[in-house]
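Only one structure is covered here, and it is reproduced in the block below.
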Amino acid sequence: MSPRARNLQWRWAWVAIGFGLAGVQGAAPPPAGLAPIHVATNGNDGWTGALAAPNADRTDGPLATIARARDIIRQARRSPEGLRSAVRVVIHGGTYTLAAPLVFTSEDGGSADRPIEYAAAEGEAPIISGGRRIAGWRAVELDGRRVMAADLPAVRAGDWYFHQLWINGERRPRARHPNQGYLAVAEIPDAKPDTPWHQGQAAFRYAAGDLERSPAIRQAEVCVMNRWIESHLPITDMDESNRIVRFGKRSVFKLDAGDLYYVENAREHLDRPGEWWLDGDSGVLYCLPRAGEDLERAEVIAPVLAQLMRLEGDPESNRWIEHLTFRGIVFAHTEWYFPGGFDSGGQRAEVWPPPAAAVGGFAQAAIGVPGSVHGAALRHVVFDQCRWIHLGGYGLELGRGCRDNRIQRCELGDLGAGGIKLGETAIRDSAGDVARDNEVSDCHIHDGGRFFHSAIGIWIGQSPGNRIRHNLIHDFYYSGISVGWTWGYGRALATNTVVEFNHVHHIGKLSDGDGPILSDMAGIYTLGRHTGSVIRSNLWHDVAGLRYGGWGIYFDEGTSEILAENNLVIRTTHGGFHQHYGRDNRVRNNVFLFARDFQVQRSRAEEHLSFRFERNVVGWQEGKLLHGNFSGTNYMFDSNLYWPPPEQEARFDQWSWDEWRQRGQDVHSQIANPRFMDPGADDFRLRGDSPALRLGFRPFDLRDVGPRPVSAR
């Protein structure tokens, strides 16, 4: 994080919070009348699980696996007496390496009066891992460099391959070119001027000197960023005379000259300490250690499983998983990549969104990448103080039929894709099939999109009634929060959503300075009809798009009937607020400050009212105020305060202030200094004599933005 972001003093909008995410703050006492079931890494599934540690003669003690504890509870439920009280499984610290995902079904849930809990032992952080520890390192010479190598027979046999690696708890990069920054596509020889934008290519021309052919080039992969997505394209051939690189997959969308890309897993690019290269032919993993790093003593973990836990209820059969809690558990080390032959094919202009992928990626939000924990038909299930870290995909997804569940006080970080997915892309006709009324609160979701760059911090699909509250989301290459999955005015289910008191920052451009690499993003991005939805009392800042579209609040295609109020939006590249097209939206009592290019954007004029923009404070130091299509009169601006740079005339699209007001806009608005306490120090409290107050602006309190201390909940 940059010093500026780290030292922000949000006297009006932010207070420091003592929110520990490293482990469990403390486990609850066991339910009365039932001894807990213990699981430990030194346990034995032949024991009872009644003891926290093995007894002296090792005839009894904890169980060895969570699956065995689940089966004991399942057997008790099947007994004539059933479960007579609540059940608590205490999981002690250590790493529990899985050979297959843990599966829970409707047999494994509890009831309101007899809930079931899987909880970390007090002060401990058990890790459920889908990885495999790599040992047997030896020093070798590779292309004149001294590197470390480990033999992986399963890779050589074609039974295992991976794209992520962690050494001592830190994600390490695959051999990459360039080591920092990006190359740019020079030309697209397979594309014509009339090639549809959604039709991808399987080749591009590179600039002179950017790439070199090598014997192992067919094991390398290009990741190219285009519009709002990335495509992963395995190299099949290089024509050096014409500077053309060809791929075994095609890009999702039509590539453009200037699109950014990099190359991974080429042998000759293993040149920076910390990098690694996996030779799929020989089954040897090569790593160039950092100074003083001893891989023989290090914990080196490569992922094997795509998912760690599946909660498989069945709404069609009325089989729900209910009243189940997971507390203080760490989920780590997963891998997901496109399966062999993966290709949706045939993207058509009349289909939007396009089919899921064109081999090399997904049309938006890396939506097909699964979560390490997947749920279906869950009700009243809680994830509390859990961590999802070191993953190759999304963290958690609650899909079909999941309702009234809570994800609270959790951390999701170092994510190959995104954080949390709620709902599905499909519109379900049966009420029991619709995911709805779930809550994500007081979570820290950060450092996502490490592999699938277009992934989202929190994604909500065709799912109503969800509550996204008091979360801290930062360092994603694409959007922080995305709500809705209907493009246009068709049927949409993401209604009655509440997004409040979230702190979202460094979207597009990361806090370490990397990026932007994608376009068309926002702190919050919405689609379709949103009757009853509200975005309020959030802090959005430092959002950057590449070619276009680094917005704070972005109402994309068809966004309708949504309210955005009491939000503070600071430092975006392309505007604090943008509406592509939609109807009857309200944007009121917000503060939009210091966007680079534009402050407010409207892209499409329509016959109905686009939005009302009222009682907002808009200030800028560069760029212009309005951008896009402000023809017609089907929008309404009033009672706003505008704060342009000194000695700059405020222009309202093509009109002067007087001409704009003659059009019936901003009749009661004012151009003036809002008189913040200290805007240079990011203190945006209003002084008592602020002209914004006289216009009806109502100061709002964001001291509780982000995760709250336990005592404040």
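At pLDDT below 95 and of a type in the set (Ser, Thr, Tyr) - does that describe any residue in segment 254-274? No, segment 254-274 has no match at all. Yes or no: segment 308-328 includes at least one residue that is among the aromatic types (Phe, Trp, Tyr), under 17 Å from the mean Cα position of the chain (by Cα), modelled with pLDDT of 95 or more and not in a strand (DSSP E or B). No, segment 308-328 contains no residue that is among the aromatic types (Phe, Trp, Tyr), under 17 Å from the mean Cα position of the chain (by Cα), modelled with pLDDT of 95 or more and not in a strand (DSSP E or B). Report every pair of residues separated by at least 6 positions or lying on different chains whose Cβ atoms are under 6 Å apart, first residue within segment 308-325 and outside the structural domain of residue 101 (by TED's automatic domain parsing) and at negative phi, second part of a loop (DSSP other than H, G, I, E, B) and of a type in the set (S, T, N, Q). Listed pairs, sorted by first residue: 312/105.
For segment 567-619, what are the residues that are under 24 Å from residue 681 (Cβ atoms), of a type in the set (S, T, N, Q) and part of a loop (DSSP other than H, G, I, E, B)? Of everything in segment 567-619, those that are under 24 Å from residue 681 (Cβ atoms), of a type in the set (S, T, N, Q) and part of a loop (DSSP other than H, G, I, E, B) turn out to be 567, 573, 589, 590, 616. The set of residues in segment 657-701 that are surrounded by 19 or more Cβ atoms within 10 Å (Cβ to Cβ), part of a loop (DSSP other than H, G, I, E, B) and modelled with pLDDT of 95 or more comprises 665, 666, 669, 674, 690, 695, 697. Cβ-Cβ distances below 9 Å connect the following pairs, each with a first residue in segment 649-661 that is free of Cβ contacts under 8 Å to residues at least 40 places away in the same chain, a second residue that is assigned to a helix (DSSP H, G or I) and acidic (Asp, Glu), and a separation of six or more residues or different chains: 652/659. Every test in (1) in contact (Cβ under 8 Å) with a residue 24 or more places away in the chain; (2) touching a Lys or Arg at 6+ places or on another chain (Cβ under 8 Å); (3) assigned by TED's automatic domain parsing to the domain that holds residue 471 is passed by residue 707 save one, and that test is (3).
In this structure, is residue 618 in contact with a Phe, Trp or Tyr (Cβ under 7 Å, 6 or more places away or on another chain) and either surrounded by fewer than 20 Cβ atoms within 10 Å (Cβ to Cβ) or under 21 Å from residue 590 (Cβ atoms) (or both)? Answer is yes for this residue. Among residues that are under 22 Å from residue 674 (Cα atoms), buried (at least 24 other Cβ atoms within 10 Å of the Cβ) and polar (S, T, N, Q), residue 566 is not included.
Scanning for something within 17 Å of the chain's Cα centre (by Cα) and small (Gly, Ala, Ser), does segment 425-440 turn up at least one residue? No - not one qualifying residue is present in segment 425-440.
Here the strands (runs of 3 or more DSSP E) wholly within segment 486-562 that include at least 2 residues being touching a residue at least 40 places away in the same chain (Cβ under 8 Å) and of a type outside the set (Lys, Arg) are 503-507, 521-526, 529-536, 539-543, 550-555. Where strands (runs of 3 or more DSSP E) sit wholly within segment 89-154, those with at least 3 residues that are surrounded by 16 or more Cβ atoms within 10 Å (Cβ to Cβ) occupy 94-97, 116-120, 126-129, 145-151. Among the residues of segment 415-446, those identified as assigned to a strand (DSSP E or B) and over 18 Å from residue 707 (Cβ atoms) are 421, 422, 436.
Answer yes or no as to whether residue 526 is touching a strand residue (DSSP E or B) at 6+ places or on another chain (Cβ under 8 Å) and surrounded by 24 or more Cβ atoms within 10 Å (Cβ to Cβ). Answer is yes for this residue.
Filtering segment 430-452 to residues that are of a type in the set (Asp, Glu) and under 19 Å from residue 387 (Cα atoms) leaves 439, 442, 447. The residues of segment 380-409 that are small (Gly, Ala, Ser), part of a loop (DSSP other than H, G, I, E, B) and crowded, with 24+ Cβ neighbours inside 10 Å, listed by number, are 392, 393, 401. Within the option set 335, 312, 293, being buried (at least 20 other Cβ atoms within 10 Å of the Cβ) and among the acidic types (Asp, Glu) holds for one residue only, 335.
The values are calculated or read from the model by the stated rules, or taken from the named source; none is laboratory data. Note that this is a predicted model, so its numbers are computed, not measured. So basically every Cβ, Gly included, is an ideal-geometry build from the backbone, and we count neighbours across all protein chains shown.
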